[in-house]
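The values are calculated or read from the model by the stated rules, or taken from the named source; none is laboratory data. Remember, predicted model here, so these are calculated numbers, not experimental data. For neighbour counting, all protein chains shown are included, and Cβ atoms are generated from backbone atoms with ideal geometry for every residue, glycine included.
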Amino acid sequence: MKTKNQKNNHLEKDEVEQENNQDIRQESEESIEFDPINIALARIQTLETALKDAENDKYRALADAQNMKKRIALDFEQRSKYVFKSAAVELIAVFENLQRAYDQSNDLATLQKGFELAVSGFNQVLAKEGVVKIDALHQPFNPDFHQALVVEESDEYEPETVIEVYQEGYMLKDRLLRPSMVKVSKEKEGN
């Protein structure tokens, strides 16, 4: 049998051994925590993961951008392909009215009335689409809207005034479709 002293010694040795093991574990944990190599390796692993995530995000964003570009191009193609659709439908109706007038006209008055209706219909369709005739006659000459074909001396009009229109000009909303072809006045040589 073991004596009381032996038991106490044995307990003390166990306690001391446990304390030593705990100290060793604590030192090894501390050395792992503060070991610059381990810290650097952990940081590298974190950065590599972040880089992979960023690359995935980049490729996803590029794919989204390419898909959007394709959708926009397809939408633009569809719009440009059928941009004239609404005007075409209305112009067909004007053409059919003109055709009926021509087919049913036995006399000049009926044909003239049908022609007037067709011209009125064309003007309505053009106006609805934003096509407007340039009012050039007796206006100051503007090279942005008028093209001078002839310059003529005149006492009757101020110099640089449109005195005759050979061909009407048109605007499409705020853009010039075709300039007016005009005759412009200039001051007589003797004055």
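Tabulated values for the structure
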read-out: Qualifying positions in segment 69-117 - among the polar types (S, T, N, Q) and within 40 Å of the chain's Cα centre (by Cα); value: Gln78, Ser80, Ser86, Asn97
read-out: Selection count, segment 159-191, where residues are outside any strand (DSSP E or B), of a type outside the set (Gly, Ala, Ser) and surrounded by 12 or more Cβ atoms within 10 Å (Cβ to Cβ); value: 5
read-out: Within segment 104-143, tally of residues that are assigned to a loop (DSSP other than H, G, I, E, B) and under 21 Å from Ser180 (Cα atoms); value: 11
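Residues are listed down the side, and each one gets a yes or a no for (1) in the same structural domain as Pro179 (by TED's automatic domain parsing); (2) in contact with a Ser or Thr (Cβ under 7 Å, 6 or more places away or on another chain):
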| position | (1), (2) |
| --- | --- |
| Phe76 | no, no |
| Phe115 | no, no |
| Gly121 | no, no |
| Val125 | no, no |
| Ala136 | yes, yes |
| Ala148 | yes, no |
